[in-house]
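*Asks:* Can you read through this structure? Questions will come right after.
Only the coordinates and a few stated rules stand behind these numbers; no lab work does. Computed from a predicted structure; not experimentally measured. All Cβ positions, glycine included, derive from the backbone under ideal geometry; neighbour counts span all protein chains shown.
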């Protein structure tokens, strides 16, 4: 490595992380006449934006509010969401040519279905506003100085140290290491003595092992609309059977509320009563087998897979009271005890992070370290699936920009 270059700069702040929060922060700071330097470890900014929503980017959710976020302090996000609302997000993107279209459960996507259009808004605005972006910039350390901070990063084999009055940590969380995710934000927080809420993969598929795994393997590819719940939360969306367990939107949602060793429950026919449906059917066609009846509500493959649990070869007329009770319990209270989850590489986001107790809810500045701000995924604010985490990223980026 070449000798360290120490430079005085005229940047009002250095932003570490070129994801949704960092980009929004840079742009909003520019609108206020502040000059920032954004340091991004990857070759390009917006890596997670580009892959979100299957490359289409569900950039917000019409129903986003603090209620859809997990945190040790459920009230912390209220200030940020009051300062930057869903309407603000919609108006911001519309101003720069991105018109939203609503899809499932309030998710808003660009009409173009191209995530790169979202990233382009920020890169073009940064250019127009004089905000500097340096990619392939790997930040090595942040040290306090009498006038603020000294940020050292490595780029093209050279180490550069820049002095700045403010530092914004928007470095994301741990999911998807192949896209450059690291624990940088958490390490910086610890370095400055800030508390960290235990982290874990969230919005992540759940795994099944042991003797039950073969049953899931044979159903791999089957998707069913269900209600999935535990004593913390409940979601109605599709689940997807896989060769290693369960995935799909409802499973990803409940995973944020699941802890190792716990069970989850699945209603395989939500908002209907399987026993009432059976009774209606057997009055008209009592000779129909339970297998053929269930194949009307699910795929035949799924109905056949229930053979080990239910008397699927019996006709409806001959089902006993005990049979009906077993059917009701399995269909409406299917119990699953996952062995674990698929880890950070398959997780959408990270749960936990920098404790909200360490930050001002109005500015996201560290209470004990003036000039140091944390936003986005590295903070203990974790949203539901479907654009919610983007709304937090935009809001936190905006809030920080007002205060640097």
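*Asks:* How many percent of DSSP beta bridges within the chain run antiparallel, rounded to 5?
*Replies:* Working: 49 of 67 bridges.
Around 75 percent of the beta bridges assigned by DSSP in the chain are antiparallel ones.
*Asks:* Quote to one decimal, in nm, the extra length available between residue 232 and residue 304 on full extension: 0.36 nm per residue of separation minus the C-alpha distance between them.
*Replies:* Details: separation 72, 0.36 × 72 = 25.92 nm, distance 3.22 nm.
Here the answer is 22.7 nm.
*Asks:* From the helices alone, meaning DSSP H stretches of at least four residues, give me the mean residue ellipticity at 222 nm for the chain, per-run term -39500 (n - 2.57), in deg cm²/dmol to the nearest 500.
*Replies:* -8500 deg cm²/dmol
*Asks:* Another question about this same structure. Which distance in Å, rounded to a whole number, links the C-alpha centroids of segment 305-323 and segment 18-55?
*Replies:* Going from one Cα centre to the other spans 57 Å.
*Asks:* Which FRET efficiency value, to the nearest 0.05, is calculated for residue 144 and residue 279 with the Förster distance at 60 angstrom and r the Cβ-Cβ distance?
*Replies:* It comes to 0.25.
*Asks:* Hull surface divided by four, with the convex hull built on the Cα atoms of segment 73-139: how many nm²? Intermediate values should be presented prior to the final figure.
*Replies:* Details: hull surface 28.8 nm².
Result: 7.2 nm².
*Asks:* If R₀ is 35 angstrom, what is the calculated FRET efficiency for the pair residue 79 and residue 156, using the beta carbon separation as r and rounding to 0.05?
*Replies:* Once the sixth-power term is evaluated, E becomes 0.30.
*Asks:* Another question, then. Just report the Cα centroid separation between segment 188-251 and segment 263-284, whole Å.
*Replies:* 25
*Asks:* What share of all Cα pairs of segment 263-383, in percent, falls into each consecutive 10 Å distance bin?
*Replies:* 11, 29, 16, 13, 13, 11, 6, 1
*Asks:* Efficiency by 1/(1 + (r/R0)^6): what FRET value for residue 326 and residue 72, r their Cβ-Cβ distance, R0 = 35 Å, to the nearest 0.05?
*Replies:* Given R0 = 35 Å and the Cβ-Cβ separation, E is 0.30.
*Asks:* Across 5 Å bins from the origin, how do the percents of Cα pairs in segment 205-342 run, short distances first?
*Replies:* Using 5 Å bins, I get a P(r) of 2, 10, 20, 23, 18, 13, 9, 4, 1, 0 for segment 205-342.
*Asks:* Rounded to the nearest 10 degrees, what's the angle between the helix 20-31 long axis and the longest principal axis of the chain, both from Cα atoms, 0 to 90?
*Replies:* Computed tilt is about 40 degrees.
*Asks:* Can you tell me the orientation of helix 274-285 relative to the chain, as the angle in degrees between its alpha-carbon axis and the longest Cα principal axis, to the nearest 10?
*Replies:* Long axis of 274-285 versus the principal axis of the chain: about 40 degrees.
*Asks:* Counting other beta carbons within 10 Å of each residue's own, what order do 258, 392 fall into, fewest first?
*Replies:* With the sparsest Cβ surroundings first, the list reads 258, 392.
*Asks:* Further, regarding this structure: What distance in nm separates the two pseudo spin-label positions at residue 191 and residue 243, each 7 Å out from Cα along the beta-carbon direction?
*Replies:* 4.3
*Asks:* For the chain, take the longest principal axis of its alpha carbons; what is the angle in degrees between that and the long axis of helix 86-95, to the nearest 10 within 0 to 90?
*Replies:* 60
*Asks:* Specify the residue with the greatest mean-square fluctuation among 82, 137, 200, computed from a Gaussian network of the chain linking alpha-carbon atoms under 10 Å apart.
*Replies:* 82
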